[in-house]
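What follows is one structure encoded as structure tokens, with my remarks underneath.
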Amino acid sequence: MTSAALRPHTLPPHTLPRLTPADCTATQWSTAKDKADAGNRVLAFIENGLHSDAFTNDLYRTCSRHLFGHIAHFDRHGFAYAWFTTSDDKADFIRHAMNASALGDPAWTWSDVEQHLQRALADHPHLQEPSAWTGNTRPHGCPSCRCTPQTRD
């Protein structure tokens, strides 16, 4: 059995409603299908527990370029460390998504994807609480170090 199979899931697969290309508006740079596919990968990542080792380059590009005013955090690892290391971090990620302004014309922004994610997450308010998340914790209180996280019992 793989380590991914042993990780707890926060929600059963496909609990959060998926996007279709019809839900999205193409931009000059992204097709409606591209936006829907990327949004669905974010939804699956949330359902699977926001595990930092599952935060792919593709998810990093989507989040840091298109969603909820996120910044790059230098690279994918810095982004994952900031948002997906502890249960508090994961709850903060969901709270940030829920409280962000999803504004702008979807022909120029990803506001349509952001709004869909917010609607999907609104049905699961418990995800904004650290108790909803299981997984890794920092071995000590230093938020800026790169020490190896320990698995929480």
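The values are calculated or read from the model by the stated rules, or taken from the named source; none is laboratory data. For clarity, every value in this text was computed on a predicted model and none was experimentally measured. Reconstructed Cβ throughout: ideal geometry from the backbone, glycine too, with neighbour counts over all protein chains shown. SASA here: full protein model, heavy atoms, side chains in, ligands and nucleic acids out. Shrake-Rupley method; radii C 1.70, N 1.55, O 1.52, S 1.80 Å.
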Item checked: Candidate set: the stretch 107-120, residues that are open to solvent by 40 Å² or more (accessible area, probe 1.4 Å) and in a loop (DSSP other than H, G, I, E, B); chosen: the one nearest to A54 (Cα to Cα) -> T109
Checklist line | Output for the stretch 123-140, where each listed residue is at pLDDT 50 or above and in contact with a strand residue (DSSP E or B) (Cβ under 9 Å, 6 or more places away or on another chain) | finding: G135
Item checked: Matching residues, the stretch 21-38, being open to solvent by less than 20 Å² (accessible area, probe 1.4 Å), part of a helix (DSSP H, G or I) and of a type outside the set (A, V, I, L, M) -> K35
Item checked: helices (runs of 4 or more DSSP H) (entirely within the stretch 39-106) containing at least 2 residues that are of a type in the set (S, T, Y) and open to solvent by less than 40 Å² (accessible area, probe 1.4 Å) -> 57-66
